[in-house]
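Okay, so here's the structure we're looking at.
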Amino acid sequence: MALKLSVIGTGYLGATHAACMASLGFNVIGFDTEPEKVALLSQGKVPFYEPDLEELLIAQLKSKRLTFTNKVEDLADADVHFICVGTPQIKNGNAADLIYVNSALESIAKHVKPGGLVVGKSTVPVGTATKLRNRLLELNPKADLAWNPEFLREGFAVEDTLRPNRLVVGVVNDSAEKILKEVYATNLKENTPWVRADLPTAELVKVAANSFLATKISFINAMAEVCEASGGDVTVLAKAIGYDPRIGNRFLQAGIGFGGGCLPKDIRAFMARAEELGASQAVEFLKEIDAINLRARQRIIELVRKDLSDDLVGKKVAVLGAAFKPDSDDVRDSPALDISAQIQAAGAHVTVHDPKAISNAQKRFPGLNFSQDINSTLMDSEIVLHLTEWKIYRDIDPKQVKKVVKTAIMIDGRNALDRDLWRSAGWKFRALGRTTGE
């Protein structure tokens, strides 16, 4: 008899996990404390942008395998309960706020049937899972808890859930692993690597992976600074070192750095937890990684001042991109919006375009100007900043838009545009880690 699954928390992670598990043939019930979110998802509407998710959601609702509720008692029939709630950064500190994780555990504990399994997927500080398991056993001795970290990339969440590049499970006994192997039977048939770990290691895998990724991104941005100082070209440097199989060429694209709801807060929470454990020196390097990442944003502003004026009052600046990355409407800790807001605070008139993130961006930065049309965004601008590498921006005809702007100056904050194409169209073209060539 097929397992029945519940998903607690229907935000980005939870909604995706619920729809994908239903598509694998499981009966899934998603739970959230917000009635509005439950109602929206029950109508087949996703409250955020993620490619392919809404179509999948609608299909699974029609199949009757997927339902949503705001009543925790409705989850009592499930065999496996996935905790997929957020762990934001605490106010006035770097540590992760575990209020939602703890609340989820307390809410579900008494509803777990004998032999049932609670599975954490949220990103938490190491040691959290053991505490949660001990608490669960206090409340319900016949239940168990495992940890199964998520590795979703925004823009590829459905693909990463249905065809993960590895599955990591933190378990205390064989029975928990057996249940998880049943949940992920389809992936195991496709030879997805399976890593069994203890609870602390499973928790550490996610933050270690994000810390390594952040390190690689900040490393190439540090090299961009050196290239600018020495007259080198960071794109050529990245290409050359990327051929080394020990390094690889992914995430070696210099630019304004990382943002979003995961990498920044995860590495900060990792540093905070390491300090609590007395191992702060082991991750001391992450402070500089964070600093390099934030410094890249300031370097864009320095280039704007270099091309326009130290005094930006009244200057017209066009910004292409608001989301922290393409194929997403997520603007949490978005470098593009941070730069835009700082330039506007300096007195410039800033207009921002994004194909998906304008609504979210307006909520976070209501003082910025936004436009749904690229030409309107660029109209009479004295400088253009390319800050989120959406494909539509790479497809822009620089000759055509040169007729719209007041001054043809492009700063490519993502090193994603064709420099030679823009130059040949008469644009002054700058990018981090590259000379202007003029």
Exercise for the section: Within the stretch 317-357, work out how many residues are out of contact with any Gly (no Cβ under 6 Å at 6 or more places or on another chain), within 16 Å of ASP373 (Cβ to Cβ) and charged (D, E, K, R). Expected result: 1
Problem - Qualifying positions in the stretch 58-104 - under 25 Å from MET1 (Cα atoms) and of a type in the set (Asp, Glu) - result: GLU73, ASP74, ASP77, ASP79
Problem - Filtered residues of the stretch 351-369 (kept if in contact (Cβ under 8 Å) with a residue 40 or more places away in the chain and either of a type in the set (A, V, I, L, M) or under 23 Å from ALA408 (Cβ atoms) (or both)) - result: ALA357
Practice task
Would you check if there is a residue in the stretch 69-86 being at positive phi and not β-branched (Val, Ile, Thr)?
Solution key: no
Practice task
Considering each residue of the stretch 139-180, count those that are of a type outside the set (Gly, Ala, Ser) and assigned to a loop (DSSP other than H, G, I, E, B), and give that number.
Solution key: 18
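Have a look at ASP144, ASP160 and point out the one that is within 22 Å of the chain's Cα centre (by Cα), farther than 17 Å from VAL72 by Cβ and free of Cβ contacts under 8 Å to residues at least 40 places away in the same chain. Break it down into steps so the answer makes sense when it comes.
Details: ASP144 fails: within 22 Å of the chain's Cα centre (by Cα).
Unique residue meeting the criteria: ASP160.
If I go through the stretch 73-93 residue by residue, how many of them are hydrophobic (A, V, I, L, M, F, W, C), at pLDDT 95 or above and surrounded by fewer than 18 Cβ atoms within 10 Å (Cβ to Cβ)? Steps first, please.
At the first step, the residues of the stretch 73-93 found to be hydrophobic (A, V, I, L, M, F, W, C) are 75-76, 78, 80, 82-85, 90.
Still in the running and at pLDDT 95 or above: 75-76, 78, 80, 82-85.
Restricting the remaining residues to those that are surrounded by fewer than 18 Cβ atoms within 10 Å (Cβ to Cβ) gives 76.
So the answer is 1.
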Practice task
Assess whether GLY44 counts as being out of contact with any Gly (no Cβ under 9 Å at 6 or more places or on another chain), in a loop (DSSP other than H, G, I, E, B) and within 30 Å of ARG273 (Cα to Cα).
Solution key: no
Fill in the blank from the handout: Only one of ALA323, ALA296 is touching a Pro at 6+ places or on another chain (Cβ under 9 Å), in a loop (DSSP other than H, G, I, E, B) and crowded, with 20+ Cβ neighbours inside 10 Å, namely ALA323
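For the stretch 50-89, give me each residue that is in a loop (DSSP other than H, G, I, E, B), of a type in the set (A, V, I, L, M, F, W, C) and farther than 21 Å from GLU150 by Cα.
Restricting attention to the stretch 50-89, the residues satisfying the condition of being in a loop (DSSP other than H, G, I, E, B) are 50-52, 64-65, 70-71, 76-79, 84-88.
After this cut, where a residue has to be of a type in the set (A, V, I, L, M, F, W, C) as well, the list is 76, 78, 84-85.
Listed by number, the list holds a single entry, ALA76.
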Problem - Scan of the stretch 364-380 for residues that are of a type in the set (A, V, I, L, M), under 28 Å from the mean Cα position of the chain (by Cα) and part of a loop (DSSP other than H, G, I, E, B), ordered by number - result: LEU368
Practice task
Tell me which residues, restricted to the stretch 156-182, are in contact with a Phe, Trp or Tyr (Cβ under 6 Å, 6 or more places away or on another chain) and either of a type outside the set (A, V, I, L, M, F, W, C) or in the same structural domain as ASP327 (by TED's automatic domain parsing) (or both).
Solution key: GLY170
Practice task
State which residue pairs qualify: first residue on the phi > 0 side of the Ramachandran plot and outside the structural domain of ALA323 (by TED's automatic domain parsing) and inside the stretch 41-66, second residue among the hydrophobic types (A, V, I, L, M, F, W, C) and assigned to a helix (DSSP H, G or I) in any location, beta carbons under 7 Å apart, and separation of 6 or more residues or different chains.
Solution key: GLY44/LEU57; GLY44/ILE58; GLY44/LEU61; ASP52/VAL158
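Condition check ((1) in contact with a helix residue (DSSP H, G or I) (Cβ under 6 Å, 6 or more places away or on another chain); (2) modelled with pLDDT under 95) across all residues:
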residue: ALA104; (1), (2): no, no
residue: PRO114; (1), (2): no, no
residue: VAL119; (1), (2): no, no
residue: GLY127; (1), (2): no, no
residue: LEU132; (1), (2): yes, no
residue: GLU138; (1), (2): no, no
residue: ASP144; (1), (2): yes, no
residue: GLU154; (1), (2): no, yes
Exercise for the section: Could you tell me whether GLN400 is surrounded by fewer than 22 Cβ atoms within 10 Å (Cβ to Cβ) and either hydroxyl-bearing (Ser, Thr, Tyr) or within 24 Å of the chain's Cα centre (by Cα) (or both)? Expected result: no
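The values are calculated or read from the model by the stated rules, or taken from the named source; none is laboratory data. It should be emphasised that the depicted structure is a prediction, and the values quoted were computed from it without experimental measurement. Please note: Cβ atoms are built from the backbone with ideal geometry, for glycine as well, and neighbour counts cover all protein chains shown.
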